[in-house]
Amino acid sequence: MTTQNPVSALIQPLGEMPPESVVFGGTEAMRALRERLAKIASANVPVLIQGESGTGKDIIARMIHSSSPWKTGPWVKVNCPAIPGTLLESELFGYEKGAFTGAYGMKPGRVEMAHRGTLFLDEISELDMALQSKLLQLLQDGQFCRIGAQEDKKVEVRVVCATNRKLEEEIANGAFRADLFYRINVVNLHMPSLRERASDIPQLVNFFLEYYNRKFNARALPPSADLMNSFKKYHWPGNVRELENLMKRYVILGTEESISGDLHPHEQDFFTTDFAVDAPISLKKITRQAVRELERKIILKVLQHHHWNRKSAARSLNISYRALLYKIRDAGLPSNRAPRRPQDEGNRSVAAD
């Protein structure tokens, strides 16, 4: 009885998930991911989900569980970087009474609580080598040992792992076991970055707009065509998570100006030299891109300085008004600072409870 409360706290609800049409969108890469997920969901084999931070690896892991024969079993998530290394072993595998100072009772670990369900190890690359060895035993034999115990325990558990790192490089650096990699990489799912699926952005924007309007009891309007164009051109280093946070802010504050400033490249991005040197290089193309980014930056700063008075900005830049309008459109900048809509006055006072 004394172990039920900590045990139940380890088993997490799946939570609300977006519709599959929103999660997967319409790009070829995401359609292929959807088909592969459908094929492997019913097979009790380890799955490795790789991709940049914010691409939705957690949602895909939950979909694997909810589509599997073990969906009625527990869903147990372990965020490996969030638990200090000294505590992670006891959190994963549990301990017996008296195993160490302060172990006044027996505590089951998250592996044990995932019995006949799914164990999701998020950012598995953060596990130290000793824990990697114990996890390897679990995957090989379905057995583990609590800290301080004399006998192994057997569990039936589906293991899903996720990482934003390239584990092959971690192996080469001596930070990850090659034999563990081969065990968890039975099926590999790669999450494309948001910039690789830019055509899905309008659908994601509409979903987040409706969701947070409903959650915050707000009435934020759909983004303008100019803002949506900026969304499509932005690099999205934070991927879908960054887009969600921007839309959340937009709904709460109610103006496009509250997020448009975040959609421009950082200073160091304008003259990047990050291009492949082992392939033919188009000097003209690279130079043209750099000049275009610099021109965009100058125009934006001048417009902001003149409070988006385009005629004054054109005079300051010593170009015609018509040329400035063309360059604004070509650079994907808003044609003018978003005017305050009548509805905005109502939205400005809306915030989360």
Inset, instruction - May I ask you to give the solvent-accessible area per residue for the chain, in square angstrom, as obtained with a 1.4 angstrom probe? - result: 55
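I'd like the carbon and sulfur percentage of the solvent accessible area for the chain, probe radius 1.4 Å, heavy atoms only, ligands and nucleic acids excluded.
Details: 9710 of 19270 Å².
The C+S portion of the solvent-accessible surface of the chain is 50 percent.
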Inset, instruction - With just the Cα atoms of segment 35-103, tell me how far they stretch along each of the three principal axes, in Å, largest first. - result: 50, 28, 16
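Excluding W75 itself, calculate the net charge of residues whose Cβ lies under 14 Å from the Cβ of W75, where each Lys or Arg counts +1 and each Asp or Glu counts -1. The partial results should precede the final answer.
On the way: positive: R62, K71, K77, R110, R116, R158; negative: E16, D58, D122.
Cβ neighbours under 14 Å give a net charge of +3.
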Legend entry - Globularity ratio of segment 143-253, using Cα Rg and 2.2 N^0.38 Å: 1.62
Legend entry - Two-decimal Rg to Rh for segment 117-193 - Kirkwood Rh, Cα set: 0.98
Legend entry - Selection from S133, V76, L92, by position along the positive dipole direction of the chain (Cβ): V76
Inset, instruction - Using only Cα atoms, figure out Rg for the chain and give it as a multiple of 2.2 N^0.38 Å. - result: 1.24
Legend entry - Ranking by accessible area, most exposed first, for Y250, Y95 with a 1.4 Å probe: Y95, Y250
Legend entry - With DNA, RNA and ligands ignored, accessible area of T55 (1.4 Å probe; Å², nearest 10): 10
Inset, instruction - Leaving ligands, DNA and RNA out of it, rank W70, W308 by accessible area with a 1.4 Å probe, largest first. - result: W70, W308
Inset, instruction - Taking the Cβ of K97 as the centre, find all other residues whose Cβ is under 11 Å away and add up their charges (Lys, Arg: +1; Asp, Glu: -1). - result: +1
Inset, instruction - Just the number, please: Stokes-Einstein D of segment 157-222 in µm²/s, Kirkwood Rh from C-alpha pairs, 10 °C, 1.306 mPa s. - result: 102
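Rounded to the nearest 20 debye, what is the charge dipole size of the chain about its Cα centre when +1 sits on each Lys and Arg Cβ and -1 on each Asp and Glu Cβ? Numbers along the way, then the final one.
Numbers: 48 positive and 41 negative charges, 305 e Å.
It works out to roughly 1460 debye.
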Legend entry - Dipole axis of the chain (+1 Lys, Arg; -1 Asp, Glu on Cβ), positive-most option in T55, P19, N309: N309
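The values are calculated or read from the model by the stated rules, or taken from the named source; none is laboratory data. Quantities reported herein were computed from a predicted structural model and do not represent experimental measurements. Please note: Cβ atoms are built from the backbone with ideal geometry, for glycine as well, and neighbour counts cover all protein chains shown. Ligands, DNA and RNA are stripped out before the accessible areas are found, and what is left, the full protein with its side chains, is counted by its heavy atoms. Shrake-Rupley method; radii C 1.70, N 1.55, O 1.52, S 1.80 Å.
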